[in-house]
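A.B. asks: Pasting in a structure now, in structure tokens, and then I'll have a few things to ask.
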Amino acid sequence: MFVKTGDNVKIISGDSKGKEGVVKKAIPSANKVIVEGVNVVKKHSKPTNTQPQGGIIDVERPISVTNVKVVSKSSDKKEDK
């Protein structure tokens with residue numbers, strides 16, 4: 001997989017096409033990445049001890065690594081793959 005945690009990527013297809021963000025987590029076994037601020041969904045949570053109110057929270061979901069293009073790596077090099 002050519003994408004690592006901390007890389008700056010651009011989304012090239014899907015609902016978030018054109019957005020840029022930083023890779024928060026790479027999941028090589030599933031060929032997916034979690035990009036900051038992209039593919040955000042609302043999740044309903046039950047009340048727990050840490051969150052007594054419960055409620056609706058925003059969660060970033062993984063997207064396929066084939067839908068992203070590296071804009072610059074953590075070392076600030078320009079690279080297009």
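A.B. asks: For the cross-link pairs LYS32/LYS69; LYS4/LYS69; LYS4/LYS43; LYS10/LYS42; LYS42/LYS69, which exceed 20 Å when the distance is taken from alpha carbon to alpha carbon?
C.D. replies: The pairs that break the limit, which is 20 Å between Cα atoms, are LYS4/LYS43; LYS10/LYS42; LYS42/LYS69.
A.B. asks: Here's another thing I want to ask about it. Given R₀ = 35 Å, FRET efficiency for PHE2-LYS42 by Cβ-Cβ distance, to 0.05?
C.D. replies: Approximately 0.70, to the nearest 0.05.
A.B. asks: Could you tally the net charge around LYS43, taking each other residue with its Cβ under 10 Å from the Cβ of LYS43, Lys/Arg +1 and Asp/Glu -1?
C.D. replies: Taking every other residue near LYS43 into account, the sum is +1.
A.B. asks: If you roll a 1.4 Å probe over the heavy atoms of the protein chains, what accessible area per residue do you get for the chain, in Å²?
C.D. replies: 70
A.B. asks: Same structure again: Beyond 19 Å, how much of the Cα-Cα pair distribution for the chain remains, as a whole percent?
C.D. replies: 42
A.B. asks: Still on this structure, please answer the following. Please list ASP7, ASP58, ASP15 in order of solvent-accessible area, largest first, computed with a 1.4 Å probe with all protein chains present.
C.D. replies: Of ASP7, ASP58, ASP15, the descending order of accessible area is ASP15, ASP58, ASP7.
The values are calculated or read from the model by the stated rules, or taken from the named source; none is laboratory data. Since we're looking at a predicted model, the values are computed, not measured. Heads up, the Cβs are rebuilt from the backbone with ideal geometry, glycines too, and the neighbour counts pull from every protein chain shown. The protein model used for the area step is the full one, side chains on, heavy atoms only, and it has no ligands, DNA or RNA in it. Shrake-Rupley method; radii C 1.70, N 1.55, O 1.52, S 1.80 Å.
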